[in-house]
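Worksheet: the structure to be examined is printed underneath.
The values are calculated or read from the model by the stated rules, or taken from the named source; none is laboratory data. Owing to the predicted nature of the structure, the values given are computational and were not obtained by experimental measurement. As a convention, Cβ positions derive from the backbone with ideal geometry for all residues, glycine included, and neighbour counts pool all protein chains shown. Please note that ligands, DNA and RNA were not included when accessible areas were found on the heavy atoms of the full protein model with its side chains. Shrake-Rupley method; radii C 1.70, N 1.55, O 1.52, S 1.80 Å.
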Amino acid sequence: VNRYKQLKGEEAKRKFLAEFWRKRDPDKSTPINELKIEYFKRVEYANQHFSVGNKEGWRTDRGRVYIMYGPPDEYERHPNEVDSKPYEIWYYHNIEGGVEFVFVDKSGFSDYILVHSTKRNEIRDDNWRLHIAPN
């Protein structure tokens, strides 16, 4: 992202994006880039299902995780628990031997924030249950 922002002119940015997607094309023998198509499908899904107020779905934590890792293999939704704030746990069985992502609606306005994950290089908070405790 930083390299892209530093580029000057539309042509340089266009070339950068073309090369970016070309490098990631899983099947260069076909005229379409399957990964690029999947990426934009995920962005569209995120925008349809995770938008909050004026924030587009791809800008939310659930949207980012969905775009990066795809749909979870399993999930738990806890939207109306008496003794906790709304939260969701997404499970991915085929990433790093199995990982989870925990999202909490801290505000009560359906803006679920990532508070814990077992995925490397993601936020980790083994005390994530403190985030779901009622005020």
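So which residues in the stretch 38-57 are closer than 20 Å to residue 106 by Cβ and not aliphatic (A, V, I, L, M)?
49, 50, 51, 53, 54, 55, 56, 57, listed by residue number.
Working only within the stretch 21-62, note down all residues that are surrounded by 11 or more Cβ atoms within 10 Å (Cβ to Cβ), in contact with a helix residue (DSSP H, G or I) (Cβ under 8 Å, 6 or more places away or on another chain) and either farther than 23 Å from residue 91 by Cα or among the acidic types (Asp, Glu) (or both).
21, 24, 25, 33, 36, 56
Residues in the stretch 94-106: is at least one open to solvent by 30 Å² or more (accessible area, probe 1.4 Å) and at pLDDT below 95?
The answer is yes, given that some residue of the stretch 94-106 is open to solvent by 30 Å² or more (accessible area, probe 1.4 Å) and at pLDDT below 95.
For the structure I just gave you, tell me whether residue 29 is under 30 Å from residue 134 (Cβ atoms), of a type in the set (Ser, Thr, Tyr), modelled with pLDDT under 95 and not in a helix (DSSP H, G or I). Steps first, please.
Values: under 30 Å from residue 134 (Cβ atoms): no; of a type in the set (Ser, Thr, Tyr): yes; modelled with pLDDT under 95: yes; not in a helix (DSSP H, G or I): yes.
So residue 29 does not fit the description; no.
Filtering the stretch 78-87 down to residues that are within 23 Å of the chain's Cα centre (by Cα) and surrounded by 12 or more Cβ atoms within 10 Å (Cβ to Cβ), which residue is nearest to residue 115 (Cα to Cα)?
By that ranking, first place goes to 87.
Output the residues belonging to the stretch 123-135 that are surrounded by 14 or more Cβ atoms within 10 Å (Cβ to Cβ) and out of contact with any Lys or Arg (no Cβ under 8 Å at 6 or more places or on another chain). Explain how you work it out, then say what you get.
Of the stretch 123-135, the ones surrounded by 14 or more Cβ atoms within 10 Å (Cβ to Cβ) are 123, 128-129, 131-132.
Result: 123, 128, 129.
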